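Student: What follows is a structure written as structure tokens; I'll ask about it next.
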Amino acid sequence: MPIANLLVTVAIGYLAAVLFYFARGLSRGPRTAIFGLLGTIVLITGLQLVTEHISLRFTVAAILPISFWHMWDLHVDPARRTRLTLKSYMVFLLDYAWSVARVDQGYGTDLPLKRRALDAARSVTGLVLVSAIVVVIFQIDWIPYPFWAEHAAKSTGLAGLTVWAFQANTALWRLAGAPAAWFTTRSVLRARSPADFWRRWNRPMHRWLYEDVFRPAGGRGRPVLATLGTFAVSALLHEYLFAIWLQRATGYPTVFFGVHGLATVLTRRWKPTGPRTLLAGVGTFAFNTLSTVLLFVPVNDRVAFYANAIPEWVPKW
């Protein structure tokens, strides 16, 4: 039974992540060894998932890395400032939008119930509306149109769906009383460079990568090395997600995040003003749209994502 197999897979990985809580007070050496063992168990449990249902595989591929990087956060806490109870840690492992336990700014736990309920209603309504738009986009007969028109419409629609899905996720976690940060607080469409885009996109993961990867890798003292290292970690996690989801390692996420890591390094200090702002925004949108084909080409191998044939010059391996 696919559902039973999914539940067992998630349960094994989640239990391994929970067990790490009891190693949090150990010295660095033993704690690192236990983190390596339990973290490996968390990630390899996805390999034993037995189902061809792509939606079920995506669910497992998303849940397990969340638990893994929350374990990582507890492990690398430099000042041992995390004061989670076992109960709160068990919530923390599943709460994507609560990405760094020792940082409490912007998680919304101090908001009144009425505000949290209104945010939840607004976010869920937005998700429903954007979902309807995406359904319409995918129902269009794209054969008479160029491939890149189809790709731009579908990738932009799915980006909007991603934003609203995670915003709704945050609002519902907050409504339940759990800490959760917004996926984005500034419109990603107004990004003026790749570096600016990644400062706006996926704030929970951005916060985790900043606190637990970028800063330990040298931070602002070694910005180029730390930035490239951060994108490398993100690439590996997304490569894992795609490998479990699509049942094969594709390499495309690694190339995608490698390209964006380099672009972020090159544009990290660029802040266009005046007339250049519009041109920079259009250029950033075009760069993102063009590069996201690397994420959808492997998906197209499993499901009919594109109606048009992928251009021959787009890398396929």
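Student: Identify the single condition in (1) touching a His at 6+ places or on another chain (Cβ under 7 Å); (2) more than 30 Å from Leu246 (Cβ to Cβ); (3) not charged (D, E, K, R) that Phe92 does not satisfy, given that it satisfies every other one.
Tutor: (2)
Student: Give the residue, chosen from Pro216, Pro194, that is farther than 16 Å from Ala61 by Cα, touching a residue at least 24 places away in the same chain (Cβ under 8 Å), in contact with a His (Cβ under 8 Å, 6 or more places away or on another chain) and not hydrophobic (A, V, I, L, M, F, W, C).
Tutor: Testing whether each residue is farther than 16 Å from Ala61 by Cα, touching a residue at least 24 places away in the same chain (Cβ under 8 Å), in contact with a His (Cβ under 8 Å, 6 or more places away or on another chain) and not hydrophobic (A, V, I, L, M, F, W, C) leaves just Pro194.
Student: Quickly run through segment 291-317 and pick out the residues that are surrounded by 15 or more Cβ atoms within 10 Å (Cβ to Cβ) and assigned to a helix (DSSP H, G or I).
Tutor: Correct list: Ser291, Val293, Leu294, Leu295, Phe296, Val297, Pro298, Val299.
Student: Then there's this: Residue check: is Tyr89 outside any helix (DSSP H, G or I), at negative phi and not small (Gly, Ala, Ser)?
Tutor: no
Student: Hey, another quick one. Across segment 24-52, which residue is nearest to Ser67 (Cα to Cα) among those that are in a helix (DSSP H, G or I) and charged (D, E, K, R)?
Tutor: Arg31
Student: Of all residues in segment 238-285 being assigned to a helix (DSSP H, G or I), among the small types (Gly, Ala, Ser) and in contact with a helix residue (DSSP H, G or I) (Cβ under 9 Å, 6 or more places away or on another chain), which is nearest to Arg190 (Cα to Cα)?
Tutor: Gly281
Student: Out of Ser155, Ser131, Ser193, I need the residue that is in contact with a Pro (Cβ under 9 Å, 6 or more places away or on another chain) and among the polar types (S, T, N, Q). Which one?
Tutor: Of Ser155, Ser131, Ser193, the one residue that is in contact with a Pro (Cβ under 9 Å, 6 or more places away or on another chain) and among the polar types (S, T, N, Q) is Ser193.
Student: Any residue in segment 276-283 that is touching a residue at least 60 places away in the same chain (Cβ under 8 Å) and of a type in the set (Val, Ile, Thr)?
Tutor: yes
Student: I've got another one for you. Show the residue pairs meeting these rules: Cβ distance below 7 Å; 6+ apart or different chains; first residue within segment 136-157 and farther than 14 Å from Leu290 by Cα and at pLDDT 95 or above; second residue β-branched (Val, Ile, Thr) and part of a helix (DSSP H, G or I).
Tutor: Gly157/Ile133; Gly157/Val134; Gly157/Ile137
Student: Another one. Filter segment 101-139 down to residues that are under 18 Å from Phe296 (Cα atoms) and not polar (S, T, N, Q), then give me how many there are.
Tutor: Summing the residues that are under 18 Å from Phe296 (Cα atoms) and not polar (S, T, N, Q) in segment 101-139 gives 4.
Yes/no matrix, rows are residues, columns are (1) closer than 30 Å to Arg116 by Cβ; (2) surrounded by fewer than 16 Cβ atoms within 10 Å (Cβ to Cβ):
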| site | (1), (2) |
| --- | --- |
| Ala168 | yes, no |
| Ala181 | yes, no |
| Leu189 | yes, yes |
| Arg215 | no, no |
| Phe231 | no, no |
| Ala235 | no, no |
| Ala243 | no, no |
| Leu246 | no, no |
| Arg269 | no, yes |
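Student: Being of a type in the set (Phe, Trp, Tyr) and either under 16 Å from Trp245 (Cβ atoms) or modelled with pLDDT of 95 or more (or both): is that true of Phe68 here?
Tutor: yes
Student: Among the residues of segment 112-155, count how many are of a type in the set (Asp, Glu) and either assigned to a loop (DSSP other than H, G, I, E, B) or touching a strand residue (DSSP E or B) at 6+ places or on another chain (Cβ under 8 Å) (or both).
Tutor: Count: 1.
Student: Only one of these conditions is not met by Phe287: (1) of a type outside the set (S, T, N, Q); (2) more than 17 Å from the chain's Cα centre (by Cα); (3) farther than 19 Å from Ala153 by Cβ. Which number is it?
Tutor: Of everything listed in (1) of a type outside the set (S, T, N, Q); (2) more than 17 Å from the chain's Cα centre (by Cα); (3) farther than 19 Å from Ala153 by Cβ, Phe287 misses just condition (3).
The values are calculated or read from the model by the stated rules, or taken from the named source; none is laboratory data. Just so it is clear, the structure is predicted and the values come from calculations on it, not from any experiment. Quick reminder, even Gly has a Cβ in these numbers, built from the backbone with ideal geometry, and neighbours come from all protein chains shown.
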